[in-house]
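The values are calculated or read from the model by the stated rules, or taken from the named source; none is laboratory data. Note that this is a predicted model, so its numbers are computed, not measured. Note that each Cβ is placed from the backbone with ideal geometry, even for glycine, and that neighbours are counted across all protein chains shown.
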Amino acid sequence: MGKVPSMTQADRIAIVTDSTASLSPADAEREHILVVPLKVIIGAETFVEGSAELTSDMIAEALAAFVPVSTSRPTPSEFLAVYAQAAAEGADHIVSVHLSSKMSGTFESAQLAAKESAVPVTVVDSQQVGLGVGFAAGRAAAARDAGGDAAAVAAAAERAGESTTIALYVDTLEYLKRGGRVGSAAALIGSALAVKPILTLADGMVVPLEKVRTSARALARVEAIAVAAAQAYEDGYSIGVQHLANDAVAQQVAQRLADQLERSSVSVDEVGAAIGAHVGPGMISVTITPL
């Protein structure tokens, strides 16, 4: 669960998120965000997301070999332990920001723990996954650091989730189908071998945007969607590329985005194991959240 950063009088609101937010330990420490990990089950073995024992390569290899891979939400007691730690460190309110409640029971676990917490907890459904959750938690931290109260901090996270754009390319819908996370994109499954789907999140669920015939065209459309979204955010934005076992292509996508958006760079991260288990090797996503 990690060490709770020391609190000052100015940041007595604790921010909690889950490991699908793709926050590095350094980022979480810097922004004073506590991270509750999900678990990933590969075959008969259970791993904690974010631990040194679990890598995205393990996920990719297991999926390719048809070894069963699944995920498990944190328990209410695990959330409650983190809430108790935050309270012991001086928090008098907690804002807990999590991945879409339609994609995981993590939000529900946080809600159950909130009822038992010694200090008030506001649980926020970001309606996002991956970096979208991380950006929402980051906006909550910024609102806290600017002196906002708990309501303002939670509202900042909600706005970030609602306004985030994500364009997601997967080589195949097979892994989303296996994990039951495909939502209305199920309409594409019948032709999954014949198309390269571009997906997004809407109302917290994976839904289809477009389908094209080649991966090159799909990536070009992902980039175009991301550029259009970024350019519409007049007051600035955060942007990041994520992938699973596809770093070379992700770096190329990031460079093209940086060139088009006239940025020095666009960050590239490998997606966390809990999400990787559902999207499969080859996935490329771009997430854009306004400031």
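Among the residues making up region 29-44, those that are assigned to a strand (DSSP E or B) and within 26 Å of ALA91 (Cα to Cα) are ILE33, LEU34, VAL35, VAL36. I'd like to check something: does region 237-245 contain any residue that is over 18 Å from the mean Cα position of the chain (by Cα) and not acidic (Asp, Glu)? No, region 237-245 contains no residue that is over 18 Å from the mean Cα position of the chain (by Cα) and not acidic (Asp, Glu).
Can you pull out the residues in region 77-98 that are out of contact with any helix residue (DSSP H, G or I) (no Cβ under 8 Å at 6 or more places or on another chain) and aliphatic (A, V, I, L, M)?
Going residue by residue through region 77-98, those that are out of contact with any helix residue (DSSP H, G or I) (no Cβ under 8 Å at 6 or more places or on another chain) are 81-82, 84-92.
ALA81, VAL82, ALA84, ALA86, ALA87, ALA88, ALA91, listed by residue number.
State the number of residues belonging to region 222-265 that are outside any helix (DSSP H, G or I), in contact with a Gly (Cβ under 9 Å, 6 or more places away or on another chain) and within 29 Å of ALA64 (Cα to Cα).
Result for region 222-265: 6.
Of all residues in region 109-137, those satisfying the criterion of being over 15 Å from ARG159 (Cα atoms), in a helix (DSSP H, G or I) and small (Gly, Ala, Ser) are SER109, ALA110, ALA113, ALA114. Total residues in region 51-68 satisfying the condition of being of a type in the set (Ser, Thr, Tyr) and either in contact (Cβ under 8 Å) with a residue 60 or more places away in the chain or outside any loop (DSSP other than H, G, I, E, B) (or both): the figure is 2. Evaluation of PHE47 against the conditions (1) buried (at least 24 other Cβ atoms within 10 Å of the Cβ); (2) part of a strand (DSSP E or B) shows that the sole unmet condition is (1). So which residues in region 30-39 are over 15 Å from the mean Cα position of the chain (by Cα) and surrounded by 14 or more Cβ atoms within 10 Å (Cβ to Cβ)? Within region 30-39, GLU31, HIS32 meet the criteria.
A residue that is within 19 Å of SER24 (Cα to Cα) and touching a helix residue (DSSP H, G or I) at 6+ places or on another chain (Cβ under 8 Å) cannot be found anywhere in region 229-236. The number of residues in region 266-291 that are among the aliphatic types (A, V, I, L, M), buried (at least 20 other Cβ atoms within 10 Å of the Cβ) and not in a strand (DSSP E or B) comes to 8.
Being under 28 Å from TYR169 (Cα atoms), of a type outside the set (D, E, K, R), surrounded by 21 or more Cβ atoms within 10 Å (Cβ to Cβ) and touching a Ser or Thr at 6+ places or on another chain (Cβ under 8 Å) holds for only one residue in ALA113, ALA154, ALA137, and it is ALA137. Would you check if there is a residue in region 121-129 being modelled with pLDDT under 95 and either surrounded by 17 or more Cβ atoms within 10 Å (Cβ to Cβ) or among the hydrophobic types (A, V, I, L, M, F, W, C) (or both)? Yes; the residues of region 121-129 include at least one that is modelled with pLDDT under 95 and either surrounded by 17 or more Cβ atoms within 10 Å (Cβ to Cβ) or among the hydrophobic types (A, V, I, L, M, F, W, C) (or both). Candidates are the residues of region 143-181 that are under 15 Å from MET103 (Cβ atoms) and part of a helix (DSSP H, G or I); the one that is modelled with the highest pLDDT is GLY161.
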